[in-house]
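Asks: Sharing a structure, written as structure tokens. Questions coming.
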Amino acid sequence: MAIDVDAVYAGKSMNAAYVKDSLRGDATLRISHVSVQEFGDDDEPKKKKVVLAFDREPKELALNVTNKNIISEAWGKDAEKWIGRDLRVRTGRTNFGGKMVDCVLVECPNHAADMPPATASPSLTQKAMAWQQIKGRFGGDAGKAAPVFKAAFDAVGRGKPEGQFTESDWAAVAMYDPAAEADLPPF
């Protein structure tokens, strides 16, 4: 039996290898949640970073300063207003410690200044609340919460476009319990 060493050491954050292998080097992802998390070893001072979670994507992206600057120049410094926007992530190369290394680069498609913020849609706010409730059940671990959120979205929506979700649809997503659905008789 083969043991994929990258899978063994895979964390919850996106890195260049993940973007290259799992996203085929380039993908446009919709931002579903923005948070601030601390990073660093126990013996070092912690560094805070903005972390993005995406619709239907289990990995989060912790922003380095370059990527944070690219996004904030396009969409503003209020990261809450980034929710619902599409972000392109791709692999690239950068100089780190005097060596060229693989990295994750971001681009902000359709970032015109007159574009209304994506959070203007009431369903996006309800969606973010549903995401937070599901993620909270997993101690904030987006990697564990994402498959349940996707299953909830698919089960509640039953093919309905996301833009047609009602407030009660989002409430049902937030309360979704895959174990309870497994007990239902087939229709």
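The values are calculated or read from the model by the stated rules, or taken from the named source; none is laboratory data. Values in this document were obtained by computation on a predicted structure and should not be read as measured data. In this analysis, Cβ positions are derived from the backbone assuming ideal geometry, glycine residues included, and neighbour counts consider all displayed protein chains.
Asks: Quick one: would you say A27 is within 13 Å of C108 (Cα to Cα), surrounded by fewer than 17 Cβ atoms within 10 Å (Cβ to Cβ) and out of contact with any Cys (no Cβ under 7 Å at 6 or more places or on another chain)?
Replies: Answer is yes for this residue.
Asks: Could you run through the range 81-91 and say how many residues are without any contact (Cβ under 8 Å) to a residue 40 or more places away in the chain and part of a strand (DSSP E or B)?
Replies: Adding up the residues that qualify gives 0.
Asks: Next question, about the same structure. Kindly evaluate K99 against the criterion of being touching a strand residue (DSSP E or B) at 6+ places or on another chain (Cβ under 9 Å) and either hydroxyl-bearing (S, T, Y) or at pLDDT 75 or above (or both).
Replies: no
Asks: While we're on this one: Among (1) surrounded by 14 or more Cβ atoms within 10 Å (Cβ to Cβ); (2) modelled with pLDDT under 90; (3) in contact with a Gly (Cβ under 7 Å, 6 or more places away or on another chain), where does P58 come up short?
Replies: For P58, the failing item is (2).
Asks: What residue, of S72, S13, S32, is buried (at least 16 other Cβ atoms within 10 Å of the Cβ) and farther than 29 Å from F153 by Cα?
Replies: When all the criteria are applied, what remains is S72.
Asks: Continuing with the same structure: Which pairs do you get when a residue that is assigned to a loop (DSSP other than H, G, I, E, B), found in the range 52-80, comes within reach of a residue that is among the hydroxyl-bearing types (S, T, Y), reach meaning Cβ atoms under 6 angstrom, with the pair 6+ apart or on two chains?
Replies: Once the first residue is assigned to a loop (DSSP other than H, G, I, E, B) and sits in the range 52-80, its partners that are among the hydroxyl-bearing types (S, T, Y) give D55/S32.
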